1. Would you mind counting up the charge near Asn104? Only other residues with Cβ under 10 Å from its Cβ, with Lys and Arg at +1 and Asp and Glu at -1.
2. Give the peptides 150-158, 199-207 in descending order of average Cβ contacts within 10 Å, highest first.
3. Order 170-182, 45-57 from most to least packed using the mean count of other Cβ atoms within 10 Å.
4. Give the average over all directions of the projected area of the C-alpha convex hull of region 24-218, one decimal, in nm².
5. Counting other beta carbons within 10 Å of each residue's own, what order do Asp43, Asp98, Asp163, Asp88 fall into, fewest first?
6. Report, in whole Å, the centroid distance computed from the Cα atoms of region 130-189 and region 33-64.
7. Could you quote the convex hull projected area for region 77-134, Cα atoms only and averaged over all directions, in nm²?
8. To one decimal place, what Kirkwood hydrodynamic radius in Å is obtained for region 116-219 from all pairs of distinct Cα atoms?
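Just so you know, all these numbers are worked out from the coordinates, no wet-lab data involved. Being a predicted model, the structure only gives us computed values, none of them experimental. Backbone-built Cβ (ideal geometry, glycine too); neighbour counts: all protein chains shown.
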Amino acid sequence: MKNFTLCLILACASLSANAQSMKWQMGFEAGPSTTTIYSQNVDFQFTPTPGYWAGLSSQYNANKWISVRLQLNYERKGGYRGPFSITDDNGVTVGSWDLRLANNYITSPLLIRAQFGKRNKVFIDAGAFGGFLISATTTVRKLTSKSTSSRTVEITQYRNLFDYGFCGGLGIEIPIRNNANLTLGFRYNHGQANIQADTKSIPLFNRSLNFNIGITQGF
């Protein structure tokens, strides 16, 4: 009986040490976002539109409080302008039109994560991101009493291919089983790069708020 008890204690100690030495976490995250385009020109303002994102994550746990996190994501960013009035030759409003910009990026945030708690951990992320533009489109929609039309135009050639900025967020990490964790949270991305390729145009900047749900596996 004593030998059995000793073996049990040693096994539990071994499992505990293994859990504490879990240095790496790999995972997948995805979710909806609220995204807009910011302009310093008050006459050229966009309103937020729905977006989405998904990606892979790798996290190195320096200790139980501090981690370094790298992600590789696909993100839809953009914004909405309108509606604007359509008038006839007599100045009478006969309809409206609006436009939506959609910018599709591969982004890579590098974050420092501070986490607190024993089992369910609250975390704070802070860092920076870089992005590469895959494609960009603008969709113009016209509505009148007689018809509704929509046209999408490729505008990638008029956009800067690179984006960058800083980001930060909050969330909670909940252990599931076998060193797996469920994460829930959000991250704000503040773009600092002018996305206009033509420097004579009005500067535009990406802004987005990503909500996420993710699964990570510890090693």
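1. Values: positive: Arg76, Lys77; negative: Glu75.
Net of charged neighbours comes to +1.
2. So the peptides 150-158, 199-207, ranked by packing, come out 199-207, 150-158.
3. Highest mean packing first, the order is 45-57, 170-182.
4. Working: hull surface 52.8 nm².
Reported value for the Cα convex hull: 13.2 nm².
5. Values: Asp43 6, Asp98 15, Asp163 24, Asp88 10.
Ascending number of Cβ neighbours within 10 Å: Asp43, Asp88, Asp98, Asp163.
6. 7
7. Values: hull surface 30.5 nm².
Taking a quarter of the hull surface, the average projection is 7.6 nm².
8. Working: mean 1/r = 0.0584 Å⁻¹.
Across region 116-219, the inverse of the average 1/r is 17.1 Å.
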